[in-house]
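The values are calculated or read from the model by the stated rules, or taken from the named source; none is laboratory data. Here the structure is a predicted model, which means the values were calculated and not measured. As a convention, Cβ positions derive from the backbone with ideal geometry for all residues, glycine included, and neighbour counts pool all protein chains shown. Only protein heavy atoms, including side chains, enter the accessible area calculation; ligands, DNA and RNA are left aside. Shrake-Rupley method; radii C 1.70, N 1.55, O 1.52, S 1.80 Å.
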Amino acid sequence: MSAKEIKALVRRWFEESNKGKAAAIAVIDKLCASGCILHGGSGRDYSVEEYKKYTSDLINAFPDTHFTIDDMVVEGDKVAVRITMNGTNKGEFMGIAPTNKKMTMWMIQIFRIAGGKIVEGWSRYDTLGLMQQLGVVPTPGKGK
């Protein structure tokens, strides 16, 4: 695939994910190869089925989830994407009761593409910043 085609595939991933849970789950099925492994930001590896469950849980927790692509770079069969995610915590998240707080979190994702599909992915995101925004972890210097 050309760099332009790879970028279009990744844009589609995030554009569909912005349309709600059903579209986010459907795009995983459409764009991930069978046997795809997604290495999560928590250090856990997900199969396609496990990643769909993770995505469903994430959107249940943040039903107004919105992703904005800030940067995208393609090198060979890999694409690196810097994303900003926004949402409001309306449901349980990682065992944390809903806070009704808005959050903005940065993410970095790298996808490896083969045969027009995602075959492997790596994610890292600002977990500490997210937990501070939800009020679960104190922000140093705040509240003094």
Filter result (of a type in the set (G, A, S), under 14 Å from the mean Cα position of the chain (by Cα) and modelled with pLDDT of 95 or more) within the range 33-61: S56, A61
Residue count, the range 69-102 (criterion: of a type in the set (S, T, N, Q) and out of contact with any helix residue (DSSP H, G or I) (no Cβ under 9 Å at 6 or more places or on another chain)): 4
Cβ pairs under 6 Å, 6+ apart, first in the range 100-126 and among the acidic types (D, E), second at pLDDT 95 or above: E120/I37; E120/R112; D126/M105; D126/W106
Count of residues meeting criterion [among the polar types (S, T, N, Q), open to solvent by 30 Å² or more (accessible area, probe 1.4 Å) and farther than 19 Å from W122 by Cα] in the range 59-79: 1
Subset of the range 92-107 [more than 8 Å from Q133 (Cβ to Cβ), open to solvent by less than 60 Å² (accessible area, probe 1.4 Å) and within 17 Å of the chain's Cα centre (by Cα)]: F93, M107
The range 4-16 residues that are open to solvent by less than 100 Å² (accessible area, probe 1.4 Å), paired with ones that are assigned to a helix (DSSP H, G or I) and modelled with pLDDT of 95 or more (beta carbon under 6 Å, 6 or more apart): W13/V27; W13/L31; E16/A23; E16/V27
Residue check for L9: part of a helix (DSSP H, G or I) and either closer than 16 Å to R112 by Cα or among the basic types (K, R) (or both): yes
Flag if S47 is farther than 15 Å from S17 by Cβ and open to solvent by 70 Å² or more (accessible area, probe 1.4 Å): no
Positions within the range 108-144 being surrounded by fewer than 15 Cβ atoms within 10 Å (Cβ to Cβ) and polar (S, T, N, Q), in sequence order: T127, T139
